[in-house]
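> Pasting in a structure now, in structure tokens, and then I'll have a few things to ask.
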Amino acid sequence: MTTDYIIKYSRRKTLGLMITKTAAIEVRAPIGTSKKIIESFVQEHQDWVDEHYGAVREKVKKRETFQLNFENDLLFLGKSYPLMPVEAARSGFDGQRFYAYAHLMPAELKSDMVKIYRGLAKKVLDHQVNKFSAQMGLKPQAVKINGAKTRWGSCSSKGSLNFSWYLVMAEEDTVRYVVVHELAHLIEMNHSRNFWKIVEQVLPDYQQEKEKLKKLQKTLSVQNWE
């Protein structure tokens with residue numbers, strides 16, 4: 001039986017059980033719930049824990065041991081490009097391959113590639129925002145790149161658009177969807193019916209891009225870049 005779990009008390013009314021992204025088993029309980037009742041609750045749900053814990057733990061293990069090496073394929077705008085070693089102390093992307101100094105350690109190699117990705121993201125997203133903001137008659141205050149792992153983009157109340165550099169691993173059509181999505185928030189700062197109508201007017205097939213983002217998120221869930 002599972003005995004290694006975390007208890008979090010709150011003003012909730014019922015007991016809940018979850019496995020976190022870090023593979024911790026967490027019980028959420030109403031304030032004042034006895035340890036005996038919680039133990040019985042966990043025991044009753046042991047089959048559920050047994051069914052799901054292994055997959056989550058395996059994902060965590062892959063993420064913790066993620067390492068970038070030469071000859072790996074890297075994604076850019078939905079296409080795979082090899083990461084190749086070069087003898088010069090430089091790194092970059094030339095449209096055919098990613099490259100970096102041949103004598104870099106894996107951690108240094110990963111750090112260099114993150115810098116390259118951030119630069120590519122800034123270039124790609126500036127271009128796409130300029131293109132669609134003109135089409136939609138909008139003027140965002142700024143375009144910023146961040147390292148968000150669970151949010152592809154956001155729009156601040158001041159009109160600044162923020163995008164995760166991971167987004168440029170997606171297909172170009174998918175990047176366009178996220179850009180249009182955030183630009184639409186300059187008109188509707190919500191996800192109302194009117195908001196989705198704005199998105200649909202620009203990109204009628206936006207729904208399929210949402211599904212592609214889910215697939216990319218699944219791929220990235222077992223990678224640790226930063």
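The values are calculated or read from the model by the stated rules, or taken from the named source; none is laboratory data. Since the model is a prediction, treat every value here as computed from it, not as a measurement. Ideal geometry is used to build each Cβ from the backbone, glycine not excepted, and the neighbour counts take in all protein chains shown.
> Give the number of residues within region 161-194 that are farther than 18 Å from Lys215 by Cα and either among the acidic types (Asp, Glu) or surrounded by fewer than 15 Cβ atoms within 10 Å (Cβ to Cβ) (or both).
The number of residues fulfilling the criteria is 9.
> Within the bounds of region 170-180, is there any residue that is among the polar types (S, T, N, Q) and in contact with a helix residue (DSSP H, G or I) (Cβ under 7 Å, 6 or more places away or on another chain)?
yes
> Kindly provide the set of residues from region 19-36 that are surrounded by 12 or more Cβ atoms within 10 Å (Cβ to Cβ), touching a strand residue (DSSP E or B) at 6+ places or on another chain (Cβ under 8 Å) and of a type in the set (A, V, I, L, M, F, W, C), ordered by number.
Ile19, Ala24, Ile25, Val27, Ala29 - these are the residues of region 19-36 that are surrounded by 12 or more Cβ atoms within 10 Å (Cβ to Cβ), touching a strand residue (DSSP E or B) at 6+ places or on another chain (Cβ under 8 Å) and of a type in the set (A, V, I, L, M, F, W, C).
> Can you tell me which of (1) farther than 20 Å from Glu171 by Cβ; (2) not assigned by TED's automatic domain parsing to the domain that holds Val180 is the one Ala142 doesn't meet?
Among (1) farther than 20 Å from Glu171 by Cβ; (2) not assigned by TED's automatic domain parsing to the domain that holds Val180, Ala142 violates only (2).
> Next up: Might you check whether a residue that is without any contact (Cβ under 8 Å) to a residue 60 or more places away in the chain and either acidic (Asp, Glu) or touching a His at 6+ places or on another chain (Cβ under 6 Å) (or both) occurs anywhere in region 155-171? If you could, list the steps in order and put the result at the bottom.
Restricting attention to region 155-171, the residues satisfying the condition of being without any contact (Cβ under 8 Å) to a residue 60 or more places away in the chain are 155-167.
Keeping just the survivors that are either acidic (Asp, Glu) or touching a His at 6+ places or on another chain (Cβ under 6 Å) (or both) gives 155.
Yes, some residue in region 155-171 is without any contact (Cβ under 8 Å) to a residue 60 or more places away in the chain and either acidic (Asp, Glu) or touching a His at 6+ places or on another chain (Cβ under 6 Å) (or both).
> Restricting attention to region 38-85, and to residues there that are out of contact with any helix residue (DSSP H, G or I) (no Cβ under 8 Å at 6 or more places or on another chain), in contact (Cβ under 8 Å) with a residue 12 or more places away in the chain and among the aliphatic types (A, V, I, L, M), which single residue is farthest from Arg176 (Cα to Cα)?
The qualifying residue farthest from Arg176 (Cα to Cα) is Ile38.
Here's the yes/no breakdown for (1) more than 24 Å from Lys214 (Cα to Cα); (2) surrounded by fewer than 16 Cβ atoms within 10 Å (Cβ to Cβ); (3) within 24 Å of the chain's Cα centre (by Cα); (4) assigned by TED's automatic domain parsing to the domain that holds Lys210:
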{"residue": "Arg57", "(1), (2), (3), (4)": "no, yes, yes, no"}
{"residue": "Leu75", "(1), (2), (3), (4)": "no, no, yes, no"}
{"residue": "Val86", "(1), (2), (3), (4)": "yes, yes, no, no"}
{"residue": "Met105", "(1), (2), (3), (4)": "yes, yes, no, no"}
{"residue": "Leu109", "(1), (2), (3), (4)": "yes, no, yes, no"}
{"residue": "Asn130", "(1), (2), (3), (4)": "yes, yes, yes, yes"}
{"residue": "Ala134", "(1), (2), (3), (4)": "yes, yes, no, yes"}
{"residue": "Ala148", "(1), (2), (3), (4)": "no, yes, yes, yes"}
